[in-house]
Amino acid sequence: MVSLQSKNLVPLRIMQILSELSDSEHLLTQSEIVRRLNDYSVAVDRKTVQRQLTNLQIAGFDIVITPKGCYLNERDFDNSELKLLMDYVSVDVQIPDAYAIALVNKLAKLGGKHFANRAKKQLVSPAGERSDNKDFFYNIDVISEAIAANRRIVFRYTSSKDENLPTIRKVKFAPKMFVFRDGFYCVVGIVGRCTCRCYRIKNIRDLQMAPSEGLNVRTYLDSSRHARCKA
């Protein structure tokens, strides 16, 4: 007998199975879904699967049911959109290798197993050596929070092309916006009271939110001004 908890999980597990394993070229029969549910320790019969598929359709999920099987038709991203995003991540040398691999895998999973297997074999290779800055995504998160809170940040900045060389300076900075410059993801903002500066995020180390000082750093930066900010 199926427990109440297992019954409640049936539609969720069916959606998970369809999302991971089905597409218009790889249909799943109701019997196959029953077997896959058993892998999750959820024991149901074909009639239950059929009823749950119909309920999911009524709820608005784009599930196509044919005499040969069923599949999840519409996803959050088309395969071509996922492929483009995966290639962008793959070629971006600012992203450390381990993080790039993890992010590519997350994106590939959104397209299902069959798409993932094909797309990961077709990735564009990065043209250069990847950054070793493991704080890249942490930096983005803290900078975004600082912009929203109108706070300054402090960090060490490596201005050399070789991040391992000791050309490091300490910076106190009021970030204002993210920009792309010369192929790099950067943050633009104010040093001191009014000096505009631009920093590559991959070169930022030991980033922290600065203590609140009650200073006015609400200087407005329009697109024409941030284009002239010095690196």
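The distance linking the stretch 1-68 with the stretch 135-209 is 48 Å (Cα centroid to Cα centroid, whole angstrom).
Just list whichever of 68/121; 83/202; 7/121; 170/202; 134/172; 121/176 have alpha carbons separated by over 27 Å in the model shown.
Over 27 Å Cα-Cα: 68/121; 7/121; 121/176.
Taking 211, 126, 11 in turn, the Gaussian network model of the chain (Cα-Cα springs below 10 Å) assigns the largest fluctuation to 211.
Expressed as a whole percent, how much of the Cα-Cα distance distribution for the stretch 4-72 exceeds 13 Å? Write out the running numbers ahead of the final one.
On the way: 1383 of 2346 pairs.
When all Cα pairs of the stretch 4-72 are counted, 59 percent exceed 13 Å.
Placing +1 on each Lys and Arg Cβ and -1 on each Asp and Glu Cβ, with no other charges, gives the chain a dipole about its Cα centre of roughly 720 debye. Per-residue Karplus couplings for the stretch 84-101, computed as 6.51 cos²θ - 1.76 cosθ + 1.60 with θ equal to phi - 60°, are listed in order as 5, 4, 4, 5, 4, 5, 5, 8, 7, 6, 5, 8, x, 4, 4, 6, 5, 4 Hz, Gly and Pro entered as x. Under the simplified labelling scheme, the residue 98-residue 181 pair shows an inter-label distance of 3.1 nm, with each label point 7 Å from Cα along Cα→Cβ.
Calculate how large, on average over all directions, the projected area of the Cα convex hull of the stretch 31-121 is; give the answer in nm² to one decimal. Before the final figure, lay out the partial values.
Details: hull surface 30.5 nm².
Averaged projected area of the stretch 31-121's Cα convex hull equals 7.6 nm².
Here the chain is treated as an ellipsoid with the same Cα gyration tensor; its semi-axes, largest first and in whole Å, are 48, 20, 16.
Remark: spin-label model distance residue 159-residue 122 equals 4.5 nm, labels positioned 7 Å along the Cα→Cβ axis.
Using only helices, what value at 222 nm comes out for the chain when you add -39,500 (n - 2.57) per DSSP H run of length 4 or more and divide by the total residues, to the nearest 500 deg cm²/dmol?
Working: 8 runs with 93 residues, N = 231.
Theoretical 222 nm ellipticity from helices: -12500 deg cm²/dmol.
Net length available on complete extension from residue 106 to residue 41 is 20.9 nm, with 0.36 nm assigned per residue and the Cα-Cα distance removed.
Since every read-out is calculated from the coordinates, none of them should be taken as a lab result. Quantities reported herein were computed from a predicted structural model and do not represent experimental measurements. Glycine gets a Cβ as well: all are built from the backbone with ideal geometry, and neighbour counts include every protein chain shown.
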